[in-house]
1. May I ask which of Lys6/Lys171; Lys6/Lys180; Lys65/Lys153; Lys6/Lys26; Lys56/Lys180; Lys28/Lys56 have a Cα-Cα span longer than 30 Å here?
2. How large is ³J(HN,Hα) for each residue in segment 158-163, as worked out from phi by the Karplus curve 6.51 cos²θ - 1.76 cosθ + 1.60 (θ = phi - 60°), to whole Hz, x for Gly and Pro?
3. How large is ³J(HN,Hα) for each residue in segment 65-78, as worked out from phi by the Karplus curve 6.51 cos²θ - 1.76 cosθ + 1.60 (θ = phi - 60°), to whole Hz, x for Gly and Pro?
4. Peptides 175-182, 119-126, 72-79, 7-14: what's the order by average Cβ count within 10 Å, highest mean first?
5. Take the alpha-carbon centre of segment 34-97, take the same for segment 151-181, and report the distance between them in whole Å.
6. Could you state the per residue volume, in Å³, of the convex hull enclosing the Cα atoms of segment 1-53?
7. Short version: ³J(HN,Hα) in whole Hz for each residue of segment 123-128, in order, from phi by Karplus 6.51 cos²θ - 1.76 cosθ + 1.60 (θ = phi - 60°), x for Gly and Pro, what are they?
Amino acid sequence: MQEQTKITKEKIFELYGDYLLNNGEKPKNVYLFAKENNFEEIEFYHYFSGFEQIEKEILNHLFIKSLELANEVNSSDEIATKEKLLNVYYIFFENLTMNRSLVLSVLGTHKIQNIRILQNLRETHRQLINTLDFKEWEIFEKAKQDIRTFNEKSRQEALWLHLVSAIEFWKKDTSPDFEKTDIFIEKTIDTCFELIDNEPLRKVLDLGKFLWKEKFKMS
């Protein structure tokens, strides 16, 4: 009799990812997925209620792992806030690249599909932003008063939209080792604050928040 597969959250990610990449589609149901991988269906539900929950958690899982690695580097008080954030992003995009085929499969080709998939990542990213001391960010020292007093919720929104734009850039990046994505992140992270008192950009942020809320109203 074949020994049963030891199931963990990470193992389900691995098995599900292998299935998606090998078959180009989701498993037909959890029962068959568990049977084919030699574990009991009930073990799946210890971690996820269905395949959609796995897909919503994949990028978030990679981001959390990136945070854990970055924390080892960012523990020093000598590292500025901007560098701490960049360290997280660089490690995160390295993890995305290591799992590129799976991530692209989960994200799909249309931006609108990403909203639901990125829901868990959005919350973890918000928690990260709340831990950062933006008073240390050099750009705030030189900024106009309304930028310095930029409220917490708007800051979260601006940086979230920046991360989403970086993911979209990475999806389309054809440079060796996706080096242009790193350049994009570094060159644009300050820009989202430099332009934040720009009225058209404020409208874009407001529109982004509106579309996000409306998407979940319809879900």
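Here, each number is a calculation from the coordinates, and none is a lab measurement. Here the structure is a predicted model, which is why all the values come from computation and not from measurement. No Cβ is skipped: glycine too gets one built from the backbone with ideal geometry, and neighbour counts run over all protein chains shown.
1. Details: Lys6/Lys171 33 Å; Lys6/Lys180 40 Å; Lys65/Lys153 25 Å; Lys6/Lys26 22 Å; Lys56/Lys180 26 Å; Lys28/Lys56 18 Å.
Where the Cα-Cα span goes over 30 Å, the pairs concerned are Lys6/Lys171; Lys6/Lys180.
2. Computed from phi, the couplings for segment 158-163 are 4, 6, 5, 4, 5, 5 Hz.
3. 3J(HN,Hα) across segment 65-78, in whole Hz: 4, 5, 4, 4, 5, 5, 4, 5, 7, 7, 5, 6, 6, 7.
4. Working: 175-182: 14.0, 119-126: 17.4, 72-79: 10.4, 7-14: 15.5.
Averaged packing, sorted descending, gives the order 119-126, 7-14, 175-182, 72-79.
5. Comparing the Cα centres of segment 34-97 and segment 151-181, I get a distance of 17 Å.
6. It comes to 79 Å³ per residue, whole-number rounded.
7. 3J(HN,Hα) across segment 123-128, in whole Hz: 5, 5, 5, 4, 5, 4.
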